[in-house]
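Working notes, beginning with the structure itself.
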Amino acid sequence: MGSKIEAFFTKADREYPYPNAVALQNAERLLNYIQDINLEGPDKFVPTPSDSLYLLWSVEEWQFHIECIKNGSILYTFSRGGHKEASGSYTLDEFIPQLEKYLLLVEA
């Protein structure tokens with residue numbers, strides 16, 4: 001488990017159980033991708049009652065709401081200035097190109 005995720009769980013209030021191994025693995029892969037492209041990682045990690053992990057990530061005026069679902073899917077909503085720009089559900093490998101497309105808009 002990545003150090004940022006580990007740090008979160010050492011401070012978590014334990015209201016909900018730890019996300020399952022699949023959700024944690026996808027979250028770690030996603031964080032590694034974010035680090036690889038030299039961006040600051042998510043602002044918030046929240047375990048959900050369904051054994052998933054929700055991440056809130058803000059980059060400039062964009063907000064990326066990403067949930068690593070226990071079945072291996074990524075559920076996401078991207079918003080800009082409070083308006084939804086995109087949402088959907090993909091596997092992590094299908095999700096990364098969607099994320100890249102919107103990150104390019106941040107830099108534009």
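The values are calculated or read from the model by the stated rules, or taken from the named source; none is laboratory data. Owing to the predicted nature of the structure, the values given are computational and were not obtained by experimental measurement. Reconstructed Cβ throughout: ideal geometry from the backbone, glycine too, with neighbour counts over all protein chains shown.
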- [ ] Could you please find all residues in the range 50-97 being without any contact (Cβ under 8 Å) to a residue 24 or more places away in the chain and of a type in the set (Ser, Thr, Tyr)?
- [x] Ser50, Tyr54, Ser58, Ser73, Tyr76, Thr77, Ser79, Ser87, Ser89, Tyr90, Thr91
- [ ] Take the range 93-108 and flag every residue that is part of a helix (DSSP H, G or I), among the hydrophobic types (A, V, I, L, M, F, W, C) and either modelled with pLDDT under 95 or surrounded by fewer than 17 Cβ atoms within 10 Å (Cβ to Cβ) (or both).
- [x] Ile96, Leu99, Leu103, Leu104, Leu105, Val106
- [ ] Give, as residue ranges, the strands (runs of 3 or more DSSP E) completely inside the range 6-78 that count at least 3 residues that are surrounded by 14 or more Cβ atoms within 10 Å (Cβ to Cβ) and modelled with pLDDT of 85 or more.
- [x] 53-59, 62-68
